[in-house]
């Protein structure tokens, strides 16, 4: 093993330890908020005092969490952004899995896809964008049918609702 490989190995070990000390408590809080909508609403309620909301949040934070993790969560709480924790965790997970080299393909359909349909999407998008894709499959009945695919800043909108809107515009129909 050359010095560069050895340096990378040590750096990855430190990175993993440092990251784990943040991800573990943040995941625990995210999990609790995801499973308790009432508590999540309480923490977002600006009519309640910060100290009251902070006490409620403290009950969710694992006892062995660093003060830095606590301060981060308190900042989210103070700024009314504690509801963003799920999105923050998604971004952190994305960064950990490969950083900017890995892209997320968000696939939205009107109905849930079968495993085969998901595999078909994976194959077609991997052919077009490469193998460094993570997939996020979502269901939104409002699109009526078809699919909306977003990879990076590119959006392919093949939804029925968009096609109907385009036809209405072409025919001069006002909605």
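What follows draws every value from the coordinates through simple rules; no lab data is involved. The structure displayed is predicted, hence computed values, not measured ones. Virtual Cβ from ideal backbone geometry, glycine too; neighbours counted across all protein chains shown.
Looking only at segment 44-57, residues that are over 14 Å from residue 26 (Cα atoms), outside any loop (DSSP other than H, G, I, E, B) and in contact with a helix residue (DSSP H, G or I) (Cβ under 8 Å, 6 or more places away or on another chain) come to 5 in all. So for segment 29-36 (the condition being out of contact with any helix residue (DSSP H, G or I) (no Cβ under 8 Å at 6 or more places or on another chain), without any contact (Cβ under 8 Å) to a residue 12 or more places away in the chain and loosely packed, with under 10 Cβ neighbours inside 10 Å), does at least one residue qualify? Yes, that holds for at least one residue. Consider residue 171 carefully, then state whether it is exposed (fewer than 15 other Cβ atoms within 10 Å of the Cβ) and out of contact with any strand residue (DSSP E or B) (no Cβ under 8 Å at 6 or more places or on another chain). Here the answer is yes, as residue 171 does meet what is asked.
Going by the structure shown, is residue 84 within 30 Å of residue 42 (Cβ to Cβ), surrounded by 14 or more Cβ atoms within 10 Å (Cβ to Cβ) and touching a helix residue (DSSP H, G or I) at 6+ places or on another chain (Cβ under 7 Å)? So residue 84 does not fit the description; no.
The sole residue among 92, 60, 144, 125 that is at negative phi, touching a helix residue (DSSP H, G or I) at 6+ places or on another chain (Cβ under 7 Å), without any contact (Cβ under 8 Å) to a residue 60 or more places away in the chain and surrounded by 13 or more Cβ atoms within 10 Å (Cβ to Cβ) is 60.
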